[in-house]
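Enquirer: Next up is a structure, given as structure tokens.
Please treat every number below as a calculation from the coordinates, not as lab data. Because the structure is predicted, anything quoted here is derived from the model rather than measured. Glycine gets a Cβ as well: all are built from the backbone with ideal geometry, and neighbour counts include every protein chain shown.
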Amino acid sequence: MPLEQEVMGLLIGGFSGIMVISILIILLIWVKNKNHAFGYIWILLHLLLVSGAVYFALNAFAFDYQHPMAAEEISLRIGVSGAIWGLSMICLIIAIFYFAKVKKQVTF
């Protein structure tokens, strides 16, 4: 897909920056709440899988559209990206279920 020259760099830089910040925040919260490790592992797995999905999606955007089988290759990459994204959402749902089951401790 033809894009302006700077767009791909901006997409990669913006996504990477936000993802690094997100992972750091999750790690900091995890260190603070060590007793909920199972949920944080699923959240980190979700973030890593989303990163993989974005990687395949950006590769689909950057693929040479003049290649003889470009449509098939782009479709495959978008399909792989969608499948990885689906797995990441399952990880997020597992983490949400885990955190919903964890009882809050009341301290006065």
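Enquirer: Kindly check whether there is at least one residue in the stretch 29-40 that is more than 13 Å from the chain's Cα centre (by Cα), without any contact (Cβ under 8 Å) to a residue 24 or more places away in the chain and not in a helix (DSSP H, G or I).
Expert: So far as the stretch 29-40 goes, yes, one or more of its residues are more than 13 Å from the chain's Cα centre (by Cα), without any contact (Cβ under 8 Å) to a residue 24 or more places away in the chain and not in a helix (DSSP H, G or I).
Enquirer: Quick check on my filter: what residues within the stretch 48-79 are of a type in the set (A, V, I, L, M, F, W, C), in contact (Cβ under 8 Å) with a residue 12 or more places away in the chain, under 26 Å from GLU6 (Cβ atoms) and in a helix (DSSP H, G or I)?
Expert: Within the stretch 48-79, VAL50, ALA53, VAL54, PHE56, ALA57, LEU58, ALA60, PHE61, ALA62, ILE74, ILE78 qualify.
Enquirer: Taking the stretch 4-15 as the region of interest, how many residues are among the aliphatic types (A, V, I, L, M) and surrounded by 15 or more Cβ atoms within 10 Å (Cβ to Cβ)?
Expert: Number satisfying all stated conditions: 1.
Enquirer: Can I ask one more? Any idea which of ILE18, ILE43, ILE26 is under 14 Å from the mean Cα position of the chain (by Cα) and loosely packed, with under 12 Cβ neighbours inside 10 Å?
Expert: Working: ILE43 fails: loosely packed, with under 12 Cβ neighbours inside 10 Å; ILE26 fails: loosely packed, with under 12 Cβ neighbours inside 10 Å.
Within the list ILE18, ILE43, ILE26, the selection yields ILE18.
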